[in-house]
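Contents: one structure, followed by commentary.
Each reported figure results from applying straightforward, stated rules to the coordinates on display, with no laboratory input. Quick caveat, the model's predicted, so the values are computed rather than measured. Here the Cβ positions follow ideal geometry from the backbone for every residue, glycine too, while neighbour counts run over all protein chains shown.
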Amino acid sequence: MSDTLNTKGAAELLHISEQFTQRLASRGEIPAVQLGKSYVFLRNDLIQWLADRARNEQRQRQEQVELADSMPRPIRKRGRPRKQMVN
């Protein structure tokens, strides 16, 4: 198995389209080296990037849950709402 990947190989590894892979690489959002018009990816760098992103997203979701759990919950009244009396 090669340590380097072309755009198609990187897209398959990340389970995204080749076009999206190129877009991420051109924006510098994923580790890549541009050689001419093509990008070259290191398999280990992509796996590390993916693992880091997964950890960050998991941490953010956990923080959101903790924040939501710390917020007071509104008191819900049961039954139908009463009609407003108009004077």
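Worth a mention:
- Computed over the chain, the per-residue total of -39500 (n - 2.57) for DSSP H runs of n ≥ 4 gives a 222 nm mean residue ellipticity of -17500 deg cm²/dmol, rounded to 500.
- Among the trypsin sites (Lys or Arg not before Pro) found in the stretch 1-48, those both in a DSSP coil and sparsely packed, with 10 or fewer other Cβ atoms within 10 Å of their Cβ, are LYS37.
- Listed residues LEU24, LEU67, LEU46, most fluctuating in the chain (Gaussian network, C-alpha, under 10 Å): LEU67
- Each residue of the stretch 70-86 is assigned a 3J(HN,Hα), and the resulting list reads 7, 7, x, 8, x, 7, 9, 8, 8, x, 7, x, 6, 6, 6, 7, 9 Hz, derived from the Karplus form 6.51 cos²θ - 1.76 cosθ + 1.60 (θ = phi - 60°), x at Gly and Pro.
- Sparse-neighbourhood loop sites, GluC sites (Glu not before Pro) in the chain - DSSP loop, at most 16 other Cβ within 10 angstrom: GLU29
- Here the ratio of the Cα radius of gyration of the chain to 2.2 N^0.38 Å is 2.00.
- By the count of neighbouring beta-carbon atoms within 10 Å, fewest first, ILE30, ILE75 end up ordered ILE75, ILE30.
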